[in-house]
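Let me begin by presenting the structure, written as structure tokens, before commenting on it.
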Amino acid sequence: MAVTEAARIPQQRGAQLLDSAVRYAEERHWDVFPGTWLEAVEGGQRCSCGELRCPLPGAHAGRPDWANQATGSATAARRMWTKQPTASILLPTGRTFDALEVSESAGFLALARMERMDLPLGPVTCTPDRRMLFFVLPGAALKAPELIRNLGWVPSSLDLVTRGEGHYVAAPPTRIGGHGAVQWARRPTPANRWLPDAEELISPLAYACAREAASARVRQG
């Protein structure tokens, strides 16, 4: 019997996931841990957690003690992904970096402005559900609300989410259900090894989010 496409994809991706997890630990010194994965079921794909309505199929923590499971050891990462090659790659925030999350449209607007301003940039990811995450120095989750207020905006009025201690993000090339894979908008390189502080990026991000909120109000009104 011919191997179906659904069954073949995870096998092809296994080496890529393992290599990426090891590289994040070895080259960036990021802690990593394996999350859930996608399983081929009746011609489709389902999250290994077994939840039919899983909101993040194949891309969330599979155990409550995930924070203790995370490792910065490339050897340990290789061992974990060798054991489960199709597991998602999850990175705890609040350790070597925090993340500032905005919508994809606001993120690209802010990114263009940051480049024009020649601001320092760390790695940036795009998710299949059209979100962008900017990696910044730890502590951003605590200071971002006050920084936003100082710029004249109410934090709750902006679609700007912070990920710090107790949270995690999915790293490329993790797939989220049938929606696609997390991708790098700005890859990790030797040039962006030193991350920016949230204070350096918050103004263009908040401005882009405020513009998007204003546009949404106009459309609704």
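The values are calculated or read from the model by the stated rules, or taken from the named source; none is laboratory data. It should be emphasised that the depicted structure is a prediction, and the values quoted were computed from it without experimental measurement. For neighbour counting, all protein chains shown are included, and Cβ atoms are generated from backbone atoms with ideal geometry for every residue, glycine included. Areas reflect the complete protein model, heavy atoms only, side chains present, ligands, DNA and RNA absent. Shrake-Rupley method; radii C 1.70, N 1.55, O 1.52, S 1.80 Å.
May I ask you to say which residue of ALA59, ALA40, ALA67 is of a type in the set (A, V, I, L, M, F, W, C), in contact with a strand residue (DSSP E or B) (Cβ under 7 Å, 6 or more places away or on another chain) and closer than 20 Å to PRO173 by Cβ?
After ruling out the rest, the residue left standing is ALA59.
Which residue is most open to solvent (accessible area, probe 1.4 Å), if the candidates are limited to the range 151-188 and must be polar (S, T, N, Q) and more than 20 Å from GLU212 (Cβ to Cβ)? Within the range 151-188, the match that is most open to solvent (accessible area, probe 1.4 Å) is GLN183. For the range 86-101, a residue qualifies if it is open to solvent by 30 Å² or more (accessible area, probe 1.4 Å) and out of contact with any helix residue (DSSP H, G or I) (no Cβ under 8 Å at 6 or more places or on another chain), and the qualifying residues are ARG95, THR96.
Out of curiosity, is ASP129 out of contact with any His (no Cβ under 6 Å at 6 or more places or on another chain), in contact (Cβ under 8 Å) with a residue 24 or more places away in the chain, among the charged types (D, E, K, R) and within 24 Å of ARG63 (Cβ to Cβ)? It is true that ASP129 is out of contact with any His (no Cβ under 6 Å at 6 or more places or on another chain), in contact (Cβ under 8 Å) with a residue 24 or more places away in the chain, among the charged types (D, E, K, R) and within 24 Å of ARG63 (Cβ to Cβ).
Any residue in the range 16-27 that is aliphatic (A, V, I, L, M) and either out of contact with any strand residue (DSSP E or B) (no Cβ under 8 Å at 6 or more places or on another chain) or surrounded by fewer than 16 Cβ atoms within 10 Å (Cβ to Cβ) (or both)? The answer is yes; a qualifying residue exists.
Suppose we filter the range 61-73 for residues that are surrounded by fewer than 20 Cβ atoms within 10 Å (Cβ to Cβ) and in contact (Cβ under 8 Å) with a residue 24 or more places away in the chain; how many remain? It would help to see each step written out before you state the result.
Of the range 61-73, the ones surrounded by fewer than 20 Cβ atoms within 10 Å (Cβ to Cβ) are 62-69, 71-73.
Next, from what is left, pick out any that are in contact (Cβ under 8 Å) with a residue 24 or more places away in the chain: 62, 66-67, 69, 71-73.
Counting residues in the range 61-73 that are surrounded by fewer than 20 Cβ atoms within 10 Å (Cβ to Cβ) and in contact (Cβ under 8 Å) with a residue 24 or more places away in the chain gives 7.
Looking only at residues that are of a type outside the set (A, V, I, L, M) and open to solvent by less than 20 Å² (accessible area, probe 1.4 Å) in the range 102-125, which one is nearest to ALA171 (Cα to Cα)? Checking each candidate, the answer is THR125.
Across the range 1-59, which residue is modelled with the lowest pLDDT among those that are in a helix (DSSP H, G or I) and of a type in the set (Asp, Glu)? Don't jump to the end; show me each part of the working.
If we filter the range 1-59 for residues that are in a helix (DSSP H, G or I), which is where we start, we get 5-27.
Subsequent filtering for residues that are of a type in the set (Asp, Glu) retains 5, 19, 26-27.
Working: GLU5: 34, ASP19: 96, GLU26: 96, GLU27: 95.
Once the filter is applied, the top-ranked residue is GLU5.
State whether one or more residues within the range 77-85 are more than 20 Å from GLN16 (Cβ to Cβ) and open to solvent by less than 40 Å² (accessible area, probe 1.4 Å).
Start the filter on the range 77-85 by keeping residues that are more than 20 Å from GLN16 (Cβ to Cβ), which leaves none.
No, because not a single residue in the range 77-85 is more than 20 Å from GLN16 (Cβ to Cβ) and open to solvent by less than 40 Å² (accessible area, probe 1.4 Å).
Of the residues contained in the range 191-214, none is found to be open to solvent by less than 40 Å² (accessible area, probe 1.4 Å), touching a residue at least 40 places away in the same chain (Cβ under 8 Å) and under 17 Å from ILE89 (Cα atoms).
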